[in-house]
Amino acid sequence: MTTRSETERRLVPAGLLDRLPRSGIREIAQFAGDRAGLVHLEYGEPSLPTPEPIRRKVAQAVLERRMVYTPVRGPERLRELIAAKVREVNGYPASADEVFVTNGGTGGLFLALAAVLEPGASVLLPDPGWPNPVGMAHVLGARPHFYRLDPENGFLPDPGDWRVPADCRAVVVNSPANPTGSVFPEEVAAAIADLARRRGLWVISDEVYDQIYFDRRPTAMARLYPEGTISVYSFSKTYAMTGWRLGYLVGPAALLERLEKVAESVASSTSMPAQIAAEAALVEASGEVPAMVAAYRSRRDLAVRRAKELGLYRYTPEGAFYLMVDVSRAGASEEVARRLIEEKSVVATPGSAFGPSAAGYLRISLAAAEEDVERGLVAIAELLSEGER
Ligand SMILES: Cc1ncc(COP(=O)(O)O)c(C=O)c1O
């Protein structure tokens, strides 16, 4: 067997394998390991199952049909159904040739960044933000720069304050946001669109939580800046389909046409069972989405109420299914997250996993069951007050 040190010697020093940061979400999950009796609040994993009509349709299709290669950008019928969803739910015009089916929102984000970033170019990303686009920028040889989401202002950005490098090609926007749950007001979205238009930037709008909102409806960036926006969507969160790995891009037809070459090279296409699941989701299960969102809303309400009672309240998340809890008075977030596991058997993600602006916070997932959310908040409050005695 080849030893670990032999392999290390063969690797390129300071190559991609060294440069790429590790996900802090996976790191804390690894630290937790398989200790018994843990409450898991670290992943954005819905506790609800994929709706039954979707599972049935795929089971039947797998038994009855050939599972074959499909068109690179996904079958025409699925792209038509998606375009109809975008018109109805996201509120802007879209046709099948403006849709590209991808391997989850993750695969969509990577393709979108690959389409607009050349090696050495800069890209603006949110801090705090979901970390994967940082790794994607490194894979593409691009340079990530960050704009701040202000914890004192409900984790909203102020585009008036952004420093945009001269070689910047794109800005990634994510609303409803992970890790904060904030939903950008229309005027903030409009200010981002204005800046992008003036500076000739692409907006890569990560809208994978587009249907999970509790108060104001999220603004689709493509409604404000259609010529320069590539929107990223996913079935993972809306339909509790994280493991199916299906998402899609919506953007200018000419750009998506050219993107076929990239997708062909790295993936050939998405998987056919997942495409069948996506079609079943849109045709047979869209009626179940409001009940799922109502379940997340009730967890959000519970979390906000308990955070207030426990003295942990800072802001109200308006979408997605996360809450950032300020633990700065107990120390650095990695340390607090480790103590929470060891002393309270609760796993939450250190804010540092999402960028320096969140280093004093823990993120808890509100996609977990209500009793777990409740236990998590009580455990954090106990940990903080024990530190003060
Ligand atoms: C903001 C954000 N974008 C994209 C994704 C990727 O989702 P998918 O499972 O569709 O790849 C996630 C997953 O957690 C996310 O939180």
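The values are calculated or read from the model by the stated rules, or taken from the named source; none is laboratory data. Keep in mind it's a predicted model, so treat the numbers as computed, not measured. Neighbour counts run over all protein chains shown; Cβ positions are idealised from the backbone, glycine included.
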**Report entry** Test set (1) in a helix (DSSP H, G or I); (2) surrounded by 24 or more Cβ atoms within 10 Å (Cβ to Cβ) - Pro179 fails condition number
**Finding:** (1)
Report task. Would you be able to tell me the number of residues in segment 112-131 that are within 12 Å of the ligand (Cβ to nearest atom) and modelled with pLDDT under 95? Result -> 1
Report summary line: In the set Gly24, Gly74, Gly44, the lone residue that is assigned by TED's automatic domain parsing to the domain that holds Pro226 and within 16 Å of the ligand (Cβ to nearest atom) is Gly74
Requested in this report: Of the numbered conditions (1) surrounded by 23 or more Cβ atoms within 10 Å (Cβ to Cβ); (2) away from the ligand (no atom under 14 Å from the Cβ), Leu109 fails exactly one; give the number of that condition.
Outcome: (2)
Query raised in the report: Would you pick out the residues in segment 58-83 that are free of Cβ contacts under 8 Å to residues at least 60 places away in the same chain, out of contact with any strand residue (DSSP E or B) (no Cβ under 9 Å at 6 or more places or on another chain) and within 21 Å of Glu257 (Cβ to Cβ)?
Result: Glu76
Requested in this report: Could you tell me whether Ala295 is part of a helix (DSSP H, G or I), closer than 22 Å to Ala381 by Cα, more than 16 Å from the ligand (Cβ to nearest atom) and at pLDDT below 95?
Outcome: no
Report task. Note down all Cβ pairs under 7 Å where the first residue falls in segment 188-212 and is within 16 Å of the ligand (Cβ to nearest atom), the second is of a type in the set (Lys, Arg), and they're at least six residues apart or on different chains. Result -> Val208/Lys237; Tyr209/Lys237; Ile212/Lys237
Report summary line: If you go through Ala274, Ala294, Ala303, Ala278, the only one that is under 25 Å from Glu370 (Cα atoms) and touching a helix residue (DSSP H, G or I) at 6+ places or on another chain (Cβ under 8 Å) is Ala303
Report task. Determine if segment 143-164 includes at least one residue that is surrounded by fewer than 18 Cβ atoms within 10 Å (Cβ to Cβ), within 17 Å of Arg197 (Cβ to Cβ) and more than 15 Å from the ligand (Cβ to nearest atom). Result -> yes
Report task. Report, by residue number, each residue of segment 258-278 that is charged (D, E, K, R) and in contact (Cβ under 8 Å) with a residue 60 or more places away in the chain. Result -> Arg258, Glu260, Glu264
Requested in this report: Just name the residue that is farthest from Gly44 (Cα to Cα) out of those in segment 303-327 that are crowded, with 24+ Cβ neighbours inside 10 Å and more than 16 Å from the ligand (Cβ to nearest atom).
Outcome: Val327
Report summary line: Ile25 passes all but one of the listed conditions (1) in contact with a strand residue (DSSP E or B) (Cβ under 9 Å, 6 or more places away or on another chain); (2) assigned to a loop (DSSP other than H, G, I, E, B); the exception is number (2)
Report task. Report, by residue number, each residue of segment 234-251 that is more than 21 Å from Ser95 (Cβ to Cβ) and either within 8 Å of the ligand (Cβ to nearest atom) or over 13 Å from the mean Cα position of the chain (by Cα) (or both). Result -> Ser236, Lys237, Tyr239, Ala240, Met241, Thr242, Gly243, Trp244, Arg245
Query raised in the report: In this structure, is Val134 within 16 Å of Val203 (Cβ to Cβ) and either without any contact (Cβ under 8 Å) to a residue 12 or more places away in the chain or within 15 Å of the ligand (Cβ to nearest atom) (or both)?
Result: no
Requested in this report: Considering only segment 343-379, state which residues are of a type in the set (S, T, N, Q) and part of a strand (DSSP E or B).
Outcome: Thr349, Ser365
Query raised in the report: Given Arg329, Arg300, which one is of a type in the set (Lys, Arg) and modelled with pLDDT under 95?
Result: Arg329
Query raised in the report: Which one of these does Tyr92 not meet: (1) away from the ligand (no atom under 16 Å from the Cβ); (2) outside the structural domain of Ala267 (by TED's automatic domain parsing); (3) surrounded by 15 or more Cβ atoms within 10 Å (Cβ to Cβ)?
Result: (2)
Report task. Would you mention how many residues in segment 263-312 are within 30 Å of Val72 (Cβ to Cβ) and touching a strand residue (DSSP E or B) at 6+ places or on another chain (Cβ under 7 Å)? Result -> 2
Query raised in the report: For segment 258-270, how many residues meet the condition of being in contact with a helix residue (DSSP H, G or I) (Cβ under 8 Å, 6 or more places away or on another chain) and of a type outside the set (Val, Ile, Thr)?
Result: 5
